[in-house]
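What follows is one structure encoded as structure tokens, with my remarks underneath.
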Number of protein chains: 2
Amino acid sequence: MKEQKGTLFVLTGPSGVGKGTLLSRVLPTLDSLFLSISATTRSPRPDEQDGVHYYFLNRGQFEEKVRNGEFLEHAQFSGNYYGTPSGPIDMHLARGEDVVLEIEVQGAMQIREKRPDAAMIFVAPPDFPTLEARLRGRQTEDEAAIALRLQTAREELKQIPKFDYLVINDDLTRAEEELKAVFLAERSRTNHRTFHMS
Amino acid sequence: MKEQKGTLFVLTGPSGVGKGTLLSRVLPTLDSLFLSISATTRSPRPDEQDGVHYYFLNRGQFEEKVRNGEFLEHAQFSGNYYGTPSGPIDMHLARGEDVVLEIEVQGAMQIREKRPDAAMIFVAPPDFPTLEARLRGRQTEDEAAIALRLQTAREELKQIPKFDYLVINDDLTRAEEELKAVFLAERSRTNHRTFHMS
């Protein structure tokens with residue numbers, strides 16, 4: 001058995017759907033699956049390390065990388081840049097290793113255009129009221145912020161048919177098994193694996 | 001969450017590759033996955049029950065069903081007919097249940113033409129010498145019979161690129177996990193599952 005080029009997985013879904021939790025549970029159970037690290041111009045929080053949680057760059061550095069085409073996608077939120085560097089991803093893929101990146105829906109759509117062979121996974125809540133209850137349950141945001149998140153989520157959920165997989169995060173254990181199955185099954189696809197007679 | 005129409009899985013691979021063993025281990029671990037039962041004109045063995053191991057038909061019954069287009073595929077081996085009845089399969093699929101059928105490679109290729117949306121899984125040995133060793137290890141066939149099986153297997157293995165998935169049966173536990181992942185992941189595909197807001 002020989003594995004060919006690795007698979008790029010893009011995991012997305014509305015804010016509050018639990019995609020980070022899901023991914024952090026599945027990642028340690030799989031070999032040769034690497035989490036892509038984003039770059040940002042925001043300041044590191046006390047517990048964050050450069051090259052582990054993010055690549056921390058200043059605006060000049062970030063903008064130069066944008067000009068050099070070094071990002072698969074990038075965007076600004078709250079005055080800071082965030083982006084997905086393509087270099088480390090392509091290095092893993094060339095080695096036959098898989099890479100997963102967790103990203104918001106708009107960024108995922110950008111990557112879909114550039115990498116049509118990526119396996120696109122959407123994590124959704126069981127239904128909209130459940131998402132609303134989860135966001136309100138956090139109690140860290142005011143009503144206007146929650147309303148904005150919900151409006152965004154509503155638009156994002158309309159994009160589901162453009163994705164390859166839909167994992168419904170109703171029960172964490174079940175959703176975890178399903179997400180892991182997607183990673184494993186993609187490795188078995190004949191466009192990623194060939195048979196050698198001898 | 002609502003599941004749409006079920007998925008038809010076609011599991012194939014050369015004789016002696018262990019596809020039956022694999023399937024018998026995975027089937028009990030999955031809900032809503034039904035094994036398709038073949039029809040045949042050969043006589044039941046003492047331990048075989050009609051409607052469980054096979055639908056046992058006489059030649060007249062079988063040929064009438066062929067004329068009525070009731071088989072997804074059929075073939076003759078050693079003077080007996082074997083076929084895959086489409087009726088029970090379509091009944092399960094319409095209910096949103098998945099169906100798997102275990103079949104030899106030629107039959108699988110026929111089904112691929114008729115049901116382009118079927119998920120096609122090929123089970124292969126780690127390499128050709130391993131398959132040869134397994135077939136010889138059975139010690140139930142003469143050299144001519146083994147040589148014919150190996151020649152057939154060689155041709156069958158060339159068909160792998162026409163399949164969706166390749167499961168290499170090197171280690172039974174690993175192959176079992178991989179096959180189960182294919183069943184689960186296909187259920188998560190957005191062409192089989194939709195999101196409902198409320």
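With the solvent-accessible surface defined on protein heavy atoms using a 1.4 Å probe, which residues belonging to the range B:1-31 display a reduction of at least 50 Å² in accessible area in the multichain context relative to the isolated chain?
Buried by 50 Å² or more upon assembly, which counts only protein chains, are B:MET1.
Give me the percent of DSSP beta bridges within the range B:1-157 that run antiparallel, rounded to the nearest 5. Don't jump to the answer; show the numbers that get you there.
Working: 8 of 22 bridges.
The antiparallel proportion sits near 35 percent.
Looking only at GluC sites (Glu not before Pro) in DSSP loops with at most 15 other Cβ atoms within 10 Å, what is the longest site-free stretch of chain A? Display every interim value, and only then the final one.
Values: sites that count: A:GLU48, A:GLU141.
For GluC sites (Glu not before Pro) (loop position, at most 15 other Cβ atoms within 10 Å), the longest site-free span of chain A is A:49-140.
Around A:ALA108, under 15 Å between beta carbons, what's the net of Lys plus Arg minus Asp minus Glu among the other residues? Kindly include the intermediate steps, with their values, before the conclusion.
Working: positive: A:LYS19, A:ARG112, A:LYS114, A:ARG115, A:LYS158, A:LYS162; negative: A:GLU73, A:GLU102, A:GLU104, A:GLU113, A:ASP117, A:GLU155, A:GLU156, A:ASP164.
Its environment carries a net charge of -2.
How large is the accessible surface per residue of chain A, computed with a 1.4 Å probe and reported in Å² as a whole number?
Working: 9660 Å² over 198 residues.
Accessible area per residue, chain A: 49 Å².
In a GNM of chain B with a 10 Å cut-off on Cα contacts, which of B:ASP171, B:ASP47, B:ASP117 has the highest mean-square fluctuation?
Ranking B:ASP171, B:ASP47, B:ASP117 by mean-square fluctuation puts B:ASP47 first.
Under the rule of at least 5 residues apart or a separate chain, name every residue whose amide H is placed under 5 Å from the amide H of A:GLY96.
The list, which skips near neighbours in sequence, is A:GLY6.
Using a probe of 1.4 angstrom, how much of the accessible area of chain A is carbon and sulfur, in percent? Let's see the in-between values first.
Working: 4680 of 9660 Å².
With neighbouring chains kept in place, the figure for chain A is 48 percent.
Could you bin all the Cα-Cα distances of the range B:89-150 into 5 Å bins starting at 0 and give me the percent of pairs in each, rounded to whole numbers?
It works out to 3, 13, 18, 16, 15, 11, 9, 9, 3, 0, in whole percents.
How far is it, in nm, from the label point at B:ASN191 to the one at B:ASP31 when both lie 7 Å from their Cα along the line to the Cβ?
Those two pseudo-labels are separated by 2.6 nm.
How far is the Cα center of the range A:1-40 from the Cα center of the range B:5-40, in Å?
So the separation of the two Cα centres works out to 30 Å.
Compute, for the protein assembly as shown, the length of the dipole vector about the Cα centre, with Cβ point charges of +1 (Lys, Arg) and -1 (Asp, Glu) only. Units Debye, rounded to 20.
Numbers: 50 positive and 60 negative charges, 98 e Å.
Using Cβ point charges on Lys, Arg, Asp and Glu, the protein assembly as shown gives about 460 debye.
Go through B:ARG138, A:ARG67 and list them by solvent-accessible area, largest first, probe radius 1.4 Å. Could the numbers behind the result be given before it?
Numbers: B:ARG138 110, A:ARG67 175 Å².
The ordering from most to least exposed comes out as A:ARG67, B:ARG138.
For the charge dipole of the range B:100-145, defined by +1 on Lys and Arg C-beta atoms and -1 on Asp and Glu C-beta atoms about the Cα centroid, which residue among B:THR140, B:PRO116, B:VAL105 has the Cα displaced farthest towards the positive pole?
B:PRO116
How far apart are the A:GLY96 label points across copies, placing each 7 Å from Cα toward Cβ, in nm, shortest first?
Once sorted, the set of distances for A:GLY96 reads 4.1 nm.
Any idea what the dipole of the range B:59-165 comes to, in debye rounded to 20, about its Cα centre with Lys/Arg Cβ at +1 and Asp/Glu Cβ at -1? Could you put the intermediate results ahead of the total?
Details: 14 positive and 19 negative charges, 19 e Å.
The dipole of the range B:59-165 has a size of about 100 debye.
Taking a ≥ b ≥ c as the square roots of the Cα gyration tensor eigenvalues, with a/c under 1.5 meaning rounded and otherwise prolate when a/b beats b/c, else oblate, which class fits the range B:75-118? Intermediate values should be presented prior to the final figure.
Working: a/c = 2.71, a/b = 1.72, b/c = 1.58.
Prolate is the answer for the range B:75-118, as a/c is 1.5 or above and a/b outweighs b/c.
Under 1.5 on a/c is rounded, so check that first for the range A:55-198, then, if it is not, pick prolate when a/b is larger than b/c and oblate when it is not; a ≥ b ≥ c are the square roots of the alpha carbon gyration tensor eigenvalues.
Numbers: a/c = 2.42, a/b = 1.18, b/c = 2.05.
It comes out oblate by the Cα gyration axes.
Chains B and A: buried accessible surface, both sides, probe 1.4 Å, rounded to 100 Å²? Don't skip to the answer; put the middle values down first.
Working: alone 11110 and 11100 Å², together 19330 Å².
Roughly 2900 Å² of accessible surface disappears when B and A pair.
Per DSSP helix of 4 or more residues, -39500 (n - 2.57); summed, then divided by the residues of chain B. What does that give at 222 nm, rounded to the nearest 500?
Numbers: 7 runs with 78 residues, N = 198.
Value at 222 nm, helices only, nearest 500: -12000 deg cm²/dmol.
Please report, for B:ARG174, the nm distances (one decimal) from its label point, 7 Å out from Cα along the beta-carbon direction, to the equivalent points in the remaining copies, shortest first.
Distances between equivalent label points, in nm: 3.1.
Of the options A:PHE77, A:PHE62, A:THR29, report the single residue whose Cα projects farthest towards the positive end of the charge dipole of the range A:25-87 (beta-carbon charges: Lys, Arg +1; Asp, Glu -1).
Checking the options against the dipole of the range A:25-87, the answer is A:PHE77.
At what distance in angstrom do the alpha carbon centres of the range B:87-162 and the range A:124-193 lie from each other?
The range B:87-162 and the range A:124-193 have Cα centres separated by 36 Å.
Rounded to the nearest 10 Å², what accessible area does B:LEU135 show when all protein chains are kept and the probe is 1.4 Å?
That residue has around 0 Å² of solvent-accessible surface.
Please label the shape of the protein assembly as shown as rounded, prolate or oblate, based on the square roots a ≥ b ≥ c of the eigenvalues of the alpha-carbon gyration tensor (a/c under 1.5 means rounded; beyond that, a/b larger than b/c means prolate, else oblate).
Numbers: a/c = 2.93, a/b = 1.86, b/c = 1.58.
Taking the square roots of the gyration eigenvalues as a ≥ b ≥ c, the protein assembly as shown is prolate.
Using amide H atoms built in the peptide plane, which far-off residues or other-chain residues are under 5 Å from A:TYR54 H to H?
Excluding prolines and chain starts, which carry no amide H, the hits are A:GLN49.
Are there any residues in the range B:174-192 with a reduction of at least 40 Å² in accessible surface when going from the isolated chain to the assembly of protein chains? Probe 1.4 Å, please list them by number.
At a threshold of 40 Å² (probe 1.4 Å), the residues of the range B:174-192 that become less exposed are B:GLU177, B:GLU178, B:ALA181, B:LEU184, B:ALA185, B:SER188, B:ARG189, B:THR190.
The values are calculated or read from the model by the stated rules, or taken from the named source; none is laboratory data. Model, not experiment: these values are computed from the prediction. In this analysis, Cβ positions are derived from the backbone assuming ideal geometry, glycine residues included, and neighbour counts consider all displayed protein chains. Keep in mind that these areas ignore ligands, DNA and RNA; they rest on the heavy atoms of the full protein, side chains included. Shrake-Rupley method; radii C 1.70, N 1.55, O 1.52, S 1.80 Å.
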